[in-house]
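What follows draws every value from the coordinates through simple rules; no lab data is involved. Source: prediction; values computed, not measured. Every residue, glycine as well, gets a Cβ built from its backbone with ideal geometry; the counts of neighbours run over all protein chains shown.
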Amino acid sequence: MIDKAEAVAKEDIRRIMLRRRREMSQEEIDEKSGRIAEILFSLDFIQNSQTIMVYVNMPGEVRTEKIIQGLLKAGKTVVVPVCIPRTVDLLASEIKGLDELVPGHYGILEPRREFIRPVDPSTLEIIIVPGLAFDIHGNRIGHGKGYYDRFLMKVPPLAKKVGLAFDFQVMPSVPICHFDVPMDLIITESGIKKQNE
């Protein structure tokens, strides 16, 4: 059960972060997203993993098109999330290219119906996750629907969970619930903010 004060605190953080994101220019988002992608690709575990799930960004989020293209070019199995609003679940689906994506639920790009290739979450080695706010302990605040929290409970314990964020989205601490799943790593334009040893 979520404490009422905790829920209010999360909503306040969401409001602040959405406002801060809206204040960013597209040029700033592109530049910082490029730096985040460079840091991500420099990590050994990215080079050494085969099956990687990557979110497809909404406006204002760290952009992931170049990450997806880079992983595909490197011969990785790239998986993206598909929202299932009826059950508030995510379906993991392999893609072969960005041209397979069309606007889906909430306006997020998802594979066209004929390109949905379900992937068992137990095969995922890395999951790259969006968020509105993170803290230095790896805790995350999303949009409040719980899609990722439900999904992350299905992935192997050793699968690396990587949050991408702009510097201002990383706080000293954020309110958490018992069902929140922390990130192993948070990458911003200035480097790695949190890493499990």
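Observations
- Comparing Ile127, Ile176, Ile187 in a Gaussian network model of the chain (Cα springs below 10 Å), the most mobile by mean-square fluctuation is Ile176.
- Residues Asp149 and Ile116, FRET efficiency given R0 of 25 Å [Cβ-Cβ distance, rounded to 0.05]: 0.65
- Annotation: for a label point projected 7 angstrom from Cα along Cα→Cβ of Lys66, residues of segment 84-102 with backbone N closer than 17 Å are 98.
- With K and R counted +1 and D and E -1, the other residues having a Cβ less than 14 Å from that of Ser33 yield a net charge of -4.
- Within a straight-line Cα-Cα reach of under 23 Å, Lys145 can be paired with the following lysines, leaving aside sequence neighbours fewer than 8 residues apart in one chain: Lys4, Lys10, Lys154, Lys160, Lys161.
- Reported label for calculated semi-axes √(5λ) of the Cα gyration tensor in Å given [x] 29, 18, 17; [y] 39, 21, 13; [z] 24, 19, 18: [z]
- Residue (of Leu91, Ile128, Ala74) at the positive-pole extreme of segment 4-191, dipole from beta-carbon charges: Leu91
- Choice from Leu185, Leu98, Leu43 showing the highest fluctuation, given a GNM over the chain with Cα pairs closer than 10 Å: Leu43
- If a spin label sat at a point 7 angstrom from the Cα of Ser173 along the line to its beta carbon, the backbone N atoms of segment 118-158 nearer than 13 Å would be those of 135-139.
- Residues considered: Met153, Met58, Met24. Largest GNM mean-square fluctuation over the chain, using C-alpha springs under 10 Å, is found at Met24.
- Amide proton proximity set for Gly104, modelled H, under 5 Å, gap of 5+: Leu109, Glu110
- Distance between the 7 Å Cα→Cβ label points at Glu11 and Asn48: 4.5 nm.
- Taking every DSSP helix (H) stretch of at least 4 residues in the chain, weighting each as -39,500 (n - 2.57) and dividing the sum by the residue count yields a mean residue ellipticity at 222 nm of -8500 deg cm²/dmol.
- In summary, no helical segment of the chain meets the span-like criteria, namely a full DSSP H run, a Cα extent along the axis of 24 angstrom or more and a mean Kyte-Doolittle hydropathy of at least 0.0.
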